[in-house]
Amino acid sequence: MEQLLENKTILIAGAGGLLGAKLVAAVLAQGAKVIGADLHVEAMRERLVENGVNVTQDELTLTELDITSEASVKALFAQFCEIDGAVNTTYPRNKTYGKHFYDVTLESFNENLSLHLGSTFLFTQQCAALFRRQLRPLSLINISSIYGVIAPKFDIYSGTHMTTPVEYVAIKSAIQHLSKYVVAYVKDSRFRINCVSPGGIMDQQPETFLNEYKKNTNGHGMLDAKDVVGAILFLLSDMSRYITGQNIIVDDGFSN
């Protein structure tokens, strides 16, 4: 049976993260070569090994990337100049990220927008620039969120110290429209950008929260990172050749 991504080269930024590591394993399994990029190469290698990835195989290249540095991002695209697809799973943020609404300073808000939305702009811009140079099909997937689509359901955080950061919703909603802007600007069927918006992903959250979250789904509750991978594989593949500027929600009905 033909693999979805056979003979393709896929760049995964944030390959050492929760979603990124699962994605590397899945993309390799679909026959692609993978360029895994992250800020700390050794930590990325360890996370990939934990996810069952053979990090010595010829199909996998690991490289350093500071997604918030223009020089670093441009150097990456200069080094790897033949790419069929890219996924940006990075999540840069400052040390004060995650405070409740009234405790967020303007300085912190602006810094987080610069780090996360700014780096998404930079990565997207450089994908477009690479396409313009190579003029071969390229599919980019940016990661948004259900909270880039709907308002947060604050009641599910009752009894916990958790919240949905205001920076997060501002960034994730903007990523969707940024993606549409760049697709319209480049205006070439061979260059596609789509977003995937996951629901909550399991990451050691309190049981109280997990139970309340689950009540808002169709029964599954919080996702495992691997639950999001299928939508990304589809968008990277030729099966979605003319799907562009779209946002696919994966949330077991949470946003319905």
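What follows is calculated from the coordinates using simple rules that are stated; it is not laboratory data. Here the structure is a predicted model, which is why all the values come from computation and not from measurement.
Using a Gaussian network model of the chain with C-alpha springs under 10 Å, which one of ALA86, ALA25, ALA129 is most mobile by mean-square fluctuation?
ALA129
For LYS214, list the aspartates and glutamates whose Cα falls under 20 Å from its own Cα; do not include residues on the same chain fewer than 8 positions away.
Partners found: ASP155, ASP203, ASP224, ASP227, ASP251, ASP252.
Pick from GLN126, GLN134, GLN246 the residue whose mean-square fluctuation is largest in a GNM of the chain, springs joining Cα atoms under 10 Å.
Greatest mean-square fluctuation among the candidates belongs to GLN134.
List the lysines whose Cα lies under 29 Å from the Cα of LYS215, skipping any in the same chain that are fewer than 8 positions away.
Straight-distance partners of LYS215: LYS22, LYS99, LYS153, LYS172, LYS226.
Please state the equivalent ellipsoid semi-axes for the chain: what are the square roots of 5 times the Cα gyration tensor eigenvalues, largest first, in whole Å?
29, 21, 19
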